[in-house]
Amino acid sequence: MARSVARRGSGYVTAMNGIVATARIDIEAPASRVWTALTEPDQIAAYMFGSRVETDWDDISMGLGWQLEKHEQDWLPRHPGGDPGFHTLLTLDPPHQRAIVILSNGETTPRWEIRDLIEKFLDSKAN
């Protein structure tokens, strides 16, 4: 039986004029319920007053600033990013207790393909 635990997050942003904005959230719930609230599009919509971000991408949704990728029966958060000359990709995969991080000094690095190859390799080692 999962026990309830308190999870706490906080953050701040400092503006150029010295004004500081802070935010804090306390959640009293089992980790599995928190994960569902962060990764299930219907749950996210409930917390965002019914609003949804729909995409034209196959098996991709958006949730609280993360792209959510449908992978088998799970939604996995991912976040690509980059600047000129540098690209990144972070994919979280809690069901398999792993995260894949790709950092590249290049603009044409095939991040998605590299991530897929890493996943296949890790899956083959697990079996």
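For the stretch 71-127, the set of residues classified as in a strand (DSSP E or B), loosely packed, with under 14 Cβ neighbours inside 10 Å and free of Cβ contacts under 8 Å to residues at least 24 places away in the same chain consists of His79, Gly81, Asp83, Phe86, Ala99, Val101, Leu103, listed by residue number.
For the stretch 101-126, filtering for residues that are within 12 Å of Pro80 (Cβ to Cβ) and within 17 Å of the chain's Cα centre (by Cα) leaves 6.
No value in this document is a laboratory result; all are computed from the given coordinates. Computed from a predicted structure; not experimentally measured. Neighbour counts are summed over all protein chains in view; Cβ atoms, including those assigned to glycine, are modelled from backbone coordinates with ideal geometry.
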